Amino acid sequence: MNTDRFRDLLLDERQRVASAIEHLQTENAGSMDEEMPETGMADTATVTVDRELDYSLEESSAQVLAAIDAALSRIDAGSYGICGRCDNPIGEERLEAKPYAILCIDCQRLEERG
């Protein structure tokens, strides 16, 4: 497996996610009071929902960023592309779609089923 290619994919994805997080943080730099319109409760509810959605997106992006960093560490350690559950190789097609995957597709399906 060409880990250099996957390292490049991961670094590109890391930059994209980090930029998205930075944008969300810049967009939400002020307090909610600064965003609150003086018109009514419906507008206030909209601002609140928008802010909560942004926080949720930021949290999700931070988790992806951590997964990317872990994948880069696995490349350095020589364990990239090995399933964390069954120790079989993770298919390159799966890594193309999700380069920070830690489970092969079969183990991921088992995980999702509970």
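Scan region 49-78 residue by residue and report those that are of a type in the set (S, T, N, Q) and closer than 17 Å to L10 by Cβ. Steps first, please.
So in region 49-78, the residues of a type in the set (S, T, N, Q) come out as 56, 60-61, 63, 73.
Scanning region 49-78 gives S61, Q63, S73.
Among the residues of region 79-107, count how many are farther than 21 Å from D12 by Cα and without any contact (Cβ under 8 Å) to a residue 12 or more places away in the chain.
Within region 79-107, residues that are farther than 21 Å from D12 by Cα and without any contact (Cβ under 8 Å) to a residue 12 or more places away in the chain number 2.
Which residue is surrounded by the fewest Cβ atoms within 10 Å (Cβ to Cβ), if the candidates are limited to region 57-78 and must be under 21 Å from E22 (Cβ atoms) and of a type in the set (S, T, N, Q)?
The qualifying residue surrounded by the fewest Cβ atoms within 10 Å (Cβ to Cβ) is Q63.
Among the residues of region 67-84, write down those that are assigned to a helix (DSSP H, G or I) and farther than 13 Å from P99 by Cα. Break it down into steps so the answer makes sense when it comes.
Here is the first cut: in region 67-84, the ones assigned to a helix (DSSP H, G or I) are 67-77.
D76, A77 - these are the residues of region 67-84 that are assigned to a helix (DSSP H, G or I) and farther than 13 Å from P99 by Cα.
Before we move on, is L103 part of a helix (DSSP H, G or I) and among the aliphatic types (A, V, I, L, M)? Step through it out loud before you land on a result.
On the way: part of a helix (DSSP H, G or I): no; among the aliphatic types (A, V, I, L, M): yes.
Criteria not met by L103.
Looking at region 88-100, can you tell me whether even one residue there is at pLDDT 95 or above, more than 20 Å from H23 (Cα to Cα), surrounded by fewer than 14 Cβ atoms within 10 Å (Cβ to Cβ) and more than 20 Å from the chain's Cα centre (by Cα)?
Within region 88-100, one or more residues are at pLDDT 95 or above, more than 20 Å from H23 (Cα to Cα), surrounded by fewer than 14 Cβ atoms within 10 Å (Cβ to Cβ) and more than 20 Å from the chain's Cα centre (by Cα).
The values are calculated or read from the model by the stated rules, or taken from the named source; none is laboratory data. Note that this is a predicted model, so its numbers are computed, not measured. Cβ coordinates were reconstructed from backbone atoms using ideal geometry, including for glycine residues, and neighbour counts include every protein chain displayed.
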